[in-house]
Each structure stands twice: as structure tokens, then as C-alpha cells.
Amino acid sequence: MAKFITRRVIYMFITFFLIATATFFLMKALPGSPISSASKLSPTQLAIVEAKYGLDQPIPVQYAKYMLNLAQGDLGNSFQFKNASVTDLIIDRLGPSMILGTQGLVLGVTLGILLGMIAALRQNTIWDYGSTFVAIIGISIPSFVFATFLQYWFAVKLELFPVALWKDGWMSSVLPSIALAMGPLATASRFIRTEMVEVLNSDYITLAKSKGANGFEVAFKHAFRNALIPLVTVLGPLAAGLLTGSLVIEQIFAIPGIGEQFVKSIMANDFSIIMGTTLFFSAFLIVVIFLVDVLYGIIDPRIRLSGGKD
Amino acid sequence: MEKILEVNDLELSFHTFAGEVKAIRGVNFDLHKGETLAIVGESGSGKSVTTKAIMRLLPESSSEFKNGQILFNGKDLTKLTDKEMQKIRGKDISMIFQDPMTSLNPTMTIGNQIMEPILKHRKVSKAEARKVVIDLLRLVGMPKPEARIKQYPHQFSGGQRQRIVIAIALACNPQILIADEPTTALDVTIQAQILELMKDLQKKIDTSIIFITHDLGVVANVADRVAVMYGGKIVEIGTVDEIFYNPQHPYTWGLLSSMPSLDTEVEKLYAIPGTPPDLLYPPKGDAFALRSDYAMKIDLEEAPPFFKVSDTHSAATWLLHPDAPKVEPPLAIVERMKKFPGSRYYEGTEGGTY
């Protein structure tokens with residue numbers, strides 16, 4: 001296990017390095033610069049500003065400098081937010097996004113597992129069809145449409161929650177979290193239902209029944225863990241989906257999150273924030289995928305992670 | 001001998017989209033204490049369904065008991081609630097399955113899997129249960145049981161897994177052990193080992209075994225009595241010797257003739273022509289009539305009752321009716337019958353009775 005983790009951590013750094021490099025050059029290939037839009041500057045002023053930010057140097061030099069700073073944990077300073085450090089900006093914006101993402105994922109996956117279990121255990125009943133219906137809605141309606149509906153019904157009509165305001169603490173996070181949860185909910189419930197139905201028909205479940213296990217033991221002690229395996233596989237992509245999904249949701253609910261900042265930075269050609277946010281998202285995903293792999297091994301002993309050999 | 005299980009007129013149907021499939025159409029047999037009863041028959045004859053019905057392991061939503069009783073120690077298993085049945089499964093009646101590669105839970109240590117029925121049915125602590133598990137594994141011939149109980153099924157070979165499944169089945173010293181083709185999925189050398197183990201275990205622990213198989217070689221090896229099933233019914237039942245050396249039903253003749261044997265010189269192995277009946281529309285008379293060379297008019301019209309051949313042997317074929325014409329069984333069968341005292345072809349000194 002230790003060997004596996006060491007190896008994986010090295011791979012993670014390599015992945016991260018490659019993403020950083022690719023993003024850097026792709027961004028430099030974009031037309032425009034953070035300053036070019038400010039047409040009021042005279043050529044002399046422009047040169048001074050460019051020199052200040054090092055934009056006058058050749059791109060490979062800029063790249064080397066950026067990577068050196070990155071290695072020391074310095075993501076540089078923002079162009080648009082009065083020179084504030086990118087790290088500080090991200091940390092400032094991280095809170096709301098993390099709250100939404102975590103709540104959405106936990107709520108969606110938990111409810112999804114629950115719905116899927118009910119559907120599988122009450123196969124071909126009204127429960128099963130109801131769960132399928134919810135899943136189809138969750139998959140086919142985009143989260144931003146769903147978000148608008150939530151706003152209309154629960155915020156405007158019933159006035160239970162704020163429409164789009166990040167000031168009422170937890171109350172403000174309820175509607176966006178629900179909107180975010182719909183995707184994972186649908187995916188999780190479908191995965192669990194399909195897998196549970198298959199597992200419940202497997203030989204080892206018959207054996208468990210032949211030992212005298214009751215319905216509860218069969219479903220939770222024997223079937224559940226085996227049915228979880230495929231769901232764990234998609235947890236990584238699901239978490240990724242929440243991150244990208246949150247870009248839109250944060251706009252709709254006016255949440256000062258990292259996604260909203262990301263969109264604004266792209267509009268303003270703010271290199272350092274685009275880089276910083278992309279790298280942050282990547283790091284997050286790499287870590288999530290790593291955790292999922294570890295989790296995979298914990299759930300399924302056949303995939304116990306060793307460094308190649310035991 | 002004491003009867004431990006009595007199956008009377010058992011009829012069971014499956015409800016499918018195509019209609020009602022009459023999988024078991026009136027099955028009668030007894031199981032005595034300490035004996036091994038083999039149920040043989042081809043795929044779809046209802047042998048597995050019969051045993052799954054005894055264990056009540058068939059899906060409640062699609063299967064239905066139409067008639068009959070399964071009396072176990074005086075209790076009718078078909079009438080028990082699910083809760084009552086859970087107390088019997090794994091404790092009084094337990095089961096060994098066909099494919100050891102898929103019948104163990106891949107995400108649970110084998111120690112826990114064997115321990116489960118012990119903790120469930122016996123009043124013991126976990127530490128005591130662990131000792132029982134180690135003893136059981138030793139009993140089924142697993143080396144280093146102390147170390148292996150912490151391992152998962154994928155770390156064992158097929159033969160070892162079947163030993164584990166057997167250990168699970170024996171965990172609570174069941175009165176009846178149902179073995180549903182326990183050696184079919186194993187290769188021949190392992191098959192022999194597992195059969196040896198089962199015979200050995202039966203001597204050690206006093207349990208009755210129902211052994212389902214389509215391998216007549218295995219039957220000869222393990223069984224005391226044999227029931228031949230065809231089309232959801234038992235067509236012939238008797239002791240091993242009676243079935244092998246004095247078979248009466250044309251289907252049994254067919255089965256025995258299609259078994260490769262070392263002392264026949266024929267080059268081509270016999271195969272029963274045709275296919276088993278579709279139990280969605282079960283035939284009116286003898287289910288085997290359409291495939292049989294010995295079918296008579298009445299076979300197509302009325303199902304034959306059981307005719308007694310001896311106290312232990314009976315067969316459901318009109319050929320045994322006093323008015324039926326005397327027919328000559330296939331040559332290979334006549335050869336067999338020559339060795340059986342009591343058969344009409346017996347060539348021994350005691351003399352045949354016919």
C-alpha cells in the first residue's frame with residue numbers, strides 16, 4: 001500500500017506539471033493580454049506595465065519564472081484585483097464553492113444510493129418506477145434550468161430561501177446545493193439500482209440466503225458493498241461534474257465562489273488567476289481521483305493496491 | 001429407517017411473461033436419516049427447482065406452490081413464513097452450490113462468511129465461533145486455516161472454494177445437506193477430491209444428503225438411492241443397484257445407454273433423440289413418450305402411475321402394467337440386467353424370477 005501511494009503521488013505531480021505547462025502555453029496562445037484592453041495607456045506606460053509584470057520577456061523565460069514560483073507555492077498576483085495575490089483570492093473564494101460542492105455531492109450521492117436501493121429492493125413496483133422517473137428528470141434537465149425552477153418556486157413564490165444572495169449563511173446554500181445535487185443523485189441511483197439488481201441475483205446472495213440471512217442482512221451486509229464498486233468508479237467524474245456545474249450555478253445564485261471568479265478572469269484575460277484557478281481545479285481533481293482509487297481498494301479486496309507485487 | 005424429509009405430490013409453477021411454466025408436476029420422495037439420495041436428470045428436468053423449493057430459495061414473486069407438501073420433521077415447509085424459514089436454512093437444511101467461483105461473496109473474508117451461520121444459529125461468542133471456523137476448515141482439508149480465514153475468496157482456487165462452501169454448509173451440523181451439482185464446475189481430479197471429501201464427511205457427521213447431478217458416474221460413486229427426474233416428475237426411483245442394473249423406465253434406459261462405459265465395444269455413444277418437453281405446455285401422457293422407442297398409444301393419452309418393482313424400487317411407465325406387451329430393453333441395458341438378481345435377464349445361479 002505504501003509503495004502504491006508513493007508511486008501514485010509521483011504520478012500526481014507529473015500530471016500536475018503537465019497540466020500547468022499545457023495551460024500556460026495555451027493561455028499565451030490566446031489573443032490579447034490583460035493590459036491590451038486598457039487602451040488609455042500610452043506606449044511608454046504600456047511598456048512600463050509590461051516590464052513590471054514581466055510580460056515583455058520571451059515566453060519560455062516567462063514560463064520558467066512561473067514554474068519556479070509555482071514550485072515555491074507562489075501563484076503570482078492578479079492583474080484585475082489590485083495586485084492581490086492569487087493564492088489569497090482563491091482562498092477567499094474557496095469557501096462558498098467548497099460548501100456547495102460538498103453539500104451537493106453528499107446530498108446527491110446519499111439520496112441517489114437510497115433511491116437506487118429502494119428501486120432495486122422493490123423491483124418493478126411503484127417505488128422502482130418513481131425512482132426511475134426522478135433519475136430521468138435529474139439527468140435530462142440541466143442544472144441551470146432546475147436552478148431557475150427552484151428559485152421561482154422556493155424563493156420567489158414560497159419565499160423560503162433567498163433568491164440569489166450569499167448573506168443568509170446556510171440558508172443561502174440550500175437551493176444551489178439542491179440544484180447541484182440533481183446530477184449526482186440521478187447517476188448514483190441508476191448505478192446502484194442496476195448493480196443491486198444484478199448482485200441480488202448472484203450466486204453468493206443465494207448462498208447468503210441459504211445460510212439463513214434475513215432480507216436486511218442480505219441487502220446491506222452482502223449486496224450493498226458489492227453494488228457500491230461501480231459507483232465508486234464514477235465518483236471521480238461526478239466530482240468533476242460538480243466543479244464545472246458549479247460555474248453556472250454560482251452565476252445563477254450570485255455566489256462569490258471560485259467558479260464565478262474563474263469566468264470573470266477569462267473575460268478579463270487575467271492570466272495569473274486563470275492559471276491559478278485551473279491549477280487549483282486540476283489539483284483538486286487529481287486528489288479526488290487518487291482518493292477514489294484508494295477507496296476502491298478498501299471496498300473491493302480484489303483490487304487491493306500494491307506497488308505491482310505484494 | 002427414520003424418514004427425515006417427505007415430499008408429497010409437490011407441484012410448483014413459475015409465472016413468466018409467456019405463461020405458467022409447470023416446472024414440478026407432482027413429485028414424491030422420502031429422504032431417510034443418514035442416506036444419500038441422488039436426483040438425476042437432464043437440464044430442465046426440475047431437479048434443481050425441487051431442491052430450491054425445499055430450501056424455499058425460489059423468487060416468491062414469480063414461483064407458486066400449486067399443491068403438495070414438503071414435510072421436514074413434521075413441519076410443512078411450504079407453509080412456513082419467511083422468518084420461520086430463515087431459522088431452518090443454514091441450520092437444519094443447508095446447501096452446496098454448483099459454481100464455487102461465484103458462490104462466495106468477493107468482498108467478505110472467508111472467515112466471516114463461514115462464521116455467519118454459526119453466529120446466527122448457535123449461541124456462541126465470536127471467539128468461539130472463530131474456533132469452530134478453524135475446525136471446520138481443517139475438517140474440509142484446508143491447510144493453515146488460522147492464516148487463511150483472513151483471506152478473500154479470490155485468493156483461493158476453485159477446489160478450495162468448494163471446500164469453503166462445504167464448510168459453510170456444515171457449519172451448524174445440518175440434518176439435510178443439499179448438494180446441487182457440487183462438482184460440475186470443477187475439473188476431474190478436483191471433482192474426485194471433493195466427492196471423496198463428501199463421502200468422508202458423511203461418515204463423520206451424521207447427515208442426510210440430497211445430491212443433484214446429471215453425471216451418472218458420480219451417482220454410482222456417492223448415492224444410496226437414486227431418483228430419476230424427467231419433465232418435472234420423478235419417473236423412476238430405487239436403490240443404486242436397482243437403477244443401474246434393473247432399470248425399468250425407457251428414459252432411464254436412455255440415460256444409462258448414453259453413459260460412456262469401458263466394457264462396451266460400440267464406437268458411437270448413444271444419445272436420446274429429441275428435446276425435453278416444453279413445460280409451458282406440458283404433455284398429457286408420459287412426458288418422455290415422444291422421444292421414446294417404446295411408447296405405446298396410452299403413453300400419449302394418460303400419464304402412467306407408479307408401478308412397484310420391489311419394496312424400494314418403482315417406476316412410472318405403462319410398460320410395467322400387467323397388460324403391457326413384453327419389450328426388449330436396449331442391448332446395453334440387457335447386459336446390465338444380466339448382473340442383477342431379481343431381473344428377468346439374470347444369468348446368475350440364484351435364477352431370475354420372470
**Message:** What does the charge count around B:Ile234 come to, taking other residues whose C-beta lies under 11 Å from its C-beta (Lys +1, Arg +1, Asp -1, Glu -1)?
**Reply:** +2
**Complete:** 1/(1 + (r/R0)^6) with r = Cβ-Cβ of B:Ala147 and B:Leu300, R0 = 56 Å, i.e. FRET efficiency to nearest 0.05, evaluates to 0.35
**Top of A:Leu160, A:Leu105, A:Leu75 by mean-square fluctuation, Gaussian network on chain A, Cα under 10 Å** = A:Leu160
**Request:** Compute the long axis of helix B:158-170 from its Cα atoms, compare it with the longest principal axis of the Cα atoms of chain B, and write down the angle in degrees, 0 to 90, nearest 10.
**Result:** 80 degrees
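Return the calculated 222 nm mean residue ellipticity for chain B, to the nearest 500 deg cm²/dmol, obtained by summing -39500 (n - 2.57) across DSSP H runs with n ≥ 4 and dividing by the residue count. Intermediate values should be presented prior to the final figure.
Details: 12 runs with 109 residues, N = 354.
Helix-only estimate at 222 nm: -8500 deg cm²/dmol.
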**Cα gyration tensor category, rounded, prolate or oblate, for region B:1-103 with a/c compared to 1.5** = rounded
**region A:29-188, Cα convex hull volume normalised per residue, Å³** = 196 Å³
**Prompt:** For region B:134-274, what's the relative contact order in percent, using C-alpha pairs closer than 8 Å and at least 6 residues apart?
**Reply:** 14 percent
**Computed label-point distance, nm, for sites B:Phe17 and B:Lys284 using a 7 Å Cα→Cβ extension** = 3.2 nm
**Fill in**
Computed over chain B, the Cα gyration tensor eigenvalues, each multiplied by 5 and square-rooted, give semi-axes in Å (largest first) of 38, 24, 18
**Request:** Between B:Arg25, B:Arg344, B:Arg148, find the one with the highest GNM mean-square fluctuation for chain B; connect C-alpha pairs within less than 10 Å.
**Result:** B:Arg344
**Asked** Roughly how many nanometres apart are two label points built 7 Å out from the Cα toward the Cβ at A:Lys264 and A:Ala47?
**Response** 3.4 nm
**Fill in**
Log entry: pair-distance distribution for the protein assembly as shown, C-alpha pairs binned every 20 Å from zero, whole % per bin is 15, 34, 25, 16, 8, 1, 0
**Item:** Paramagnetic reach from A:Val294 (point 7 Å along Cα→Cβ, amide N under 17 Å) across region A:211-247
**Value:** A:232-233, A:235-236
**For chain A, alpha-carbon Rg relative to the globular expectation (2.2 N^0.38 Å, N residues)** = 1.23
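FRET efficiency for A:Arg122 and B:His321, Cβ-Cβ distance as r, R0 = 41 Å, nearest 0.05?
On the way: r = 53 Å, r/R0 = 1.28.
For A:Arg122 and B:His321, the calculated efficiency is 0.20.
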**Message:** If the elastic network links every pair of Cα atoms under 10 Å, which of B:Glu11, B:Glu128, B:Glu242 fluctuates the most in the Gaussian network model of chain B?
**Reply:** B:Glu128
**Request:** Treat each spin label as a single point 7 Å out from the Cα along the C-beta direction, and report the A:Ala2 to A:Phe144 distance in nm.
**Result:** 5.0 nm
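Please tell me the relative contact order of chain A in percent, rounded to the nearest whole number, where contacts are Cα pairs under 8 Å and at least six residues apart.
Details: 343 pairs, mean separation 85.2, N = 310.
Averaging sequence separation for qualifying contacts and normalising by length gives 27 percent for chain A.
Report D for region B:102-171 in µm² per second (integer): Stokes-Einstein, Kirkwood Rh on Cα pairs, 25 °C, 0.890 mPa s. It would help to have the intermediate numbers written out before the result.
Numbers: Rh = 11.7 Å.
It diffuses with D of about 209 µm²/s by this estimate.
Given a Förster distance of 25 Å, report the FRET efficiency between B:Glu2 and B:Asp82 from their Cβ-Cβ distance, rounded to the nearest 0.05. Numbers along the way, then the final one.
On the way: r = 28 Å, r/R0 = 1.13.
After rounding, the FRET efficiency stands at 0.30.
Every number here is computed from the coordinates shown, using simple stated rules; none is lab data. Being a predicted model, the structure only gives us computed values, none of them experimental. Note that we place each Cβ from the backbone using ideal geometry, even for glycine, and neighbour counts take in every protein chain shown.
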